[in-house]
1. Write down the percent of antiparallel bridges among all DSSP beta bridges whose residues are both part of the chain, to the nearest 5.
2. Return the FRET efficiency for the residue pair K92, N135: r is the Cβ-Cβ distance, R0 is 22 Å, and the value is rounded to the nearest 0.05.
3. So how do T255, T345 line up by other beta-carbon neighbours within 10 Å, fewest first?
4. How far apart, in nm, are two points set 7 Å out from the Cα along the Cα-to-Cβ line at D349 and at E367?
5. Taking just the alpha-carbon atoms of the chain, what radius of gyration and Dmax come out, in angstrom?
6. Where nothing but the Cβ of Lys and Arg (+1) and of Asp and Glu (-1) is charged, how large is the charge dipole of the chain around its Cα centre, in debye to the nearest 20?
7. Can you list which of the chymotrypsin sites (Phe, Trp or Tyr not before Pro) found in the range 110-210 are DSSP loop residues with at most 15 other C-beta atoms within 10 Å?
8. By counting other Cβ atoms within 10 Å of each Cβ, how are S49, S138, S42 ranked from fewest to most?
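What follows draws every value from the coordinates through simple rules; no lab data is involved. The structure displayed is predicted, hence computed values, not measured ones. Cβ placement follows ideal geometry from the backbone for every residue including glycine, while neighbour counts extend to all protein chains displayed.
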Amino acid sequence: MFCLFQFITYKKNKDDFNIILISIDTLRADHLSLYGYKYNTSPNIDEFSKKSIIFEYALCPIPKTSASVASMMTGLHPFNHGTKPNKGPLNKKYITLAECLKLKGYSTFAIVDNANLSKKFYFNQGFNSYREVWNETSHLNESSKFITEEALSFLRNNDKSPFFLWLHYLEPHTPYIPPQNYVEERPKGRNIQDIEFKVVVGTDHERKEMQKNPYEGHFVSLYDGSIRYVDAEIGKILKVFKGKKLYKNTIVIITSDHGEDLGEYNFFFDHGPLAFPEAARIPLIVYIPGQKSNRIGYPVSLMDIYPTLLKQNNLHPPYPLQGQDLFIEDGERHLFIYGLRTKTTVFKDFYNVVVFPELAKRLGIQEKYLFNIQNDPLGKNNIIDKNLSLSKKMLTQYRQYLQNNQSPDGSNSEQENVSGLTKKDIEQLKALGYLK
């Protein structure tokens, strides 16, 4: 089936929309102003969202880059596409979004920052041009500016239409190193060093910062400053988007691969082990020419981008998907989110159950949680004791799904999947904390 699909050529339509997909690494929804954050971290994205469709409860299928982006590009759950959480290849047998669009006559371009998305892991499938930022810059603090400048050059000079442009920014991933002029003071919070039960991850940068300023608020200010910085860079792209009147024929999607844990549940400066809302809930803003702005309140998944864009281009999925059209509500849908240490997170309607098979004791927290994310989007009110039968039913459904599918290997072995990587690939993975 896959081979047959690869040889189909679709007729280009003069009315085909251009597509700009902007993914911002490690961006949690609740730290954006448009999702109710009390600090002004995202003025440019906020302004753009006024003419867009905002999904209130968008969720990643796994809070790790490789597997999550693989879901975005294939419409499949990690249990189905099998890409490992990090340093994992995207299986060539699947037809990526770029490949589908290329078959229809699209010119496809990508500028990505995060070596987990390296060509060596086959994330370049379907792209005419695939720029790896870490191979073209000398320092992490140059990467966002590089993406913006290259994207602006493309938008100003490109005469190929329709086109698909994917930009993957690294901020606000660790190390938290925003330009100082974007950093604003936040409430002091707890002294992290005084917390008895905790897990502190991060990179060497965060560990050095801990020696200078060990308070939670300091790191929140750096994380928020990174958001404010990347928002300013994206604002430059949105300005050109408006100036060239691309809003008449271009779909724009702004989202993230996953969120970040900043000390909630005593877990600091990382993502992946836990699948609480802090790591699982992501922003999703969609602009489609001719469609009215709106806020959509039912839960959706990052893997829904794939079938939605295919439908917008009158294309049919090449195989059965777990992703669904973003604009069709399915009240019976279950969203299974794979946390590496909380492998039992399920969204059913607006309920989210999280159960720890491990790690809870190290963090000094409860082992079982249930939230209603509609009433409690930040996950502050644990209602599991009053809803034991519901949580048991949801966990049973998760186990059944897990039994019927194979979860990706969560191994963090430093030797795994690095053969064949360039020196620059390995250097960037080390700088981001993926390799020691």
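1. Numbers: 23 of 52 bridges.
Bridges in the chain that DSSP calls antiparallel: roughly 45 percent.
2. Details: r = 22 Å, r/R0 = 0.99.
Efficiency at R0 = 22 Å is approximately 0.50.
3. Working: T255 21, T345 27.
In increasing order of surrounding Cβ atoms, one gets T255, T345.
4. So the two model labels end up 2.8 nm from each other.
5. Expressed in Å, the Cα Rg and Dmax of the chain come to 20.6, 63.
6. On the way: 54 positive and 48 negative charges, 197 e Å.
Roughly 940 debye, rounded to the nearest 20.
7. Numbers: sites: F121, Y122, F123, F127, Y130, W134, F146, F154, F163, F164, W166, Y169, Y176, Y182, F197; in loops: Y122, F123, F127, Y176, F197.
Here the chymotrypsin sites (Phe, Trp or Tyr not before Pro) that fit, given the DSSP loop and packing criteria, are F197.
8. Details: S49 22, S138 8, S42 29.
Ranking S49, S138, S42 by Cβ neighbours within 10 Å, fewest first, gives S138, S49, S42.
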